[in-house]
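Before any comments, here is the structure.
The values are calculated or read from the model by the stated rules, or taken from the named source; none is laboratory data. Since this is a predicted model, take the numbers as computed values, not measurements. As a convention, Cβ positions derive from the backbone with ideal geometry for all residues, glycine included, and neighbour counts pool all protein chains shown.
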Amino acid sequence: MLEDTYAIQFSECSGHACVEMQGELNAQKIRNTFAIIALNKKWIDGERTVLWRANRTSFPPSFEFADIFQTTQLSKALTKPGKSAIVVEKSSDMVKKAARFYQSIALTSTPRKIEVFFDESEAIAWLDE
């Protein structure tokens with residue numbers, strides 16, 4: 001299953017789970033990555049914040065927005081209140097649209113707050129609020 005996830009690191013000082021997304025954006029890999037994070041004891045007992053670095057991703061031609069909806073629905077059982085910040089490049093319109101779509105689904109169907117940022121330092125400041 002690890003090959004179907006993005007790289008995850010847990011920050012010792014802040015407790016944030018930091019996800020380094022590289023390559024093509026993949027809804028199943030996002031779901032699998034979140035599942036691994038959600039099962040981590042330190043994260044469960046902490047602030048439950050996630051910094052998603054999506055500024056090294058590309059949007060594959062075969063991507064379907066319906067995949068986001070389906071994988072988010074399957075992740076509901078693991079979702080706990082907390083915050084996720086997604087950092088995207090300003091020039092990557094389709095990745096921004098996908099991040100905003102995740103944000104809208106979270107707003108209506110999960111107890112998580114998701115915000116999209118273009119600057120990592122602003123994202124971290126928001127997670128630390």
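A search for C-beta distances below 9 Å between a residue of the stretch 13-34 that is under 17 Å from residue 83 (Cα atoms) and modelled with pLDDT of 85 or more and any residue that is surrounded by fewer than 20 Cβ atoms within 10 Å (Cβ to Cβ) and of a type in the set (Asp, Glu), counting only pairs 6+ apart in sequence or on different chains, returns 16/47; 16/128; 33/4. Only one of (1) over 21 Å from residue 95 (Cα atoms); (2) crowded, with 16+ Cβ neighbours inside 10 Å; (3) at pLDDT 90 or above is not met by residue 9, so which one is it? It is condition (2) that residue 9 fails. Beta carbons closer than 8 Å, at least 6 apart along the sequence or on distinct chains, pair a first residue in the stretch 108-129 that is within 18 Å of residue 20 (Cβ to Cβ) and touching a residue at least 24 places away in the same chain (Cβ under 8 Å) with a second that is crowded, with 18+ Cβ neighbours inside 10 Å and hydroxyl-bearing (Ser, Thr, Tyr) for 114/84; 114/102; 127/49. Taking the criterion of being assigned to a helix (DSSP H, G or I), of a type outside the set (A, V, I, L, M) and surrounded by 16 or more Cβ atoms within 10 Å (Cβ to Cβ), the residues of the stretch 12-35 that qualify are 29, 31, 32, 33, 34.
Listed by first and then second residue, the pairs linking a residue in the stretch 80-99 that is closer than 19 Å to residue 127 by Cα to a residue that is charged (D, E, K, R) and assigned to a strand (DSSP E or B), with Cβ atoms under 7 Å apart and 6 or more places separating them unless they lie on different chains, are 81/112; 82/112; 83/112; 83/113; 84/112; 85/115; 87/53. Working only within the stretch 36-46, note down all residues that are exposed (fewer than 13 other Cβ atoms within 10 Å of the Cβ) and in contact with a strand residue (DSSP E or B) (Cβ under 7 Å, 6 or more places away or on another chain). Result: 42, single match. Scanning the stretch 49-60 for residues that are under 14 Å from residue 8 (Cα atoms) and buried (at least 21 other Cβ atoms within 10 Å of the Cβ) turns up 49, 50, 51, 52, 54.
For the stretch 1-35, taking the residues that are of a type in the set (Gly, Ala, Ser) and touching a helix residue (DSSP H, G or I) at 6+ places or on another chain (Cβ under 6 Å), the one that is farthest from residue 102 (Cα to Cα) is identified as 17.
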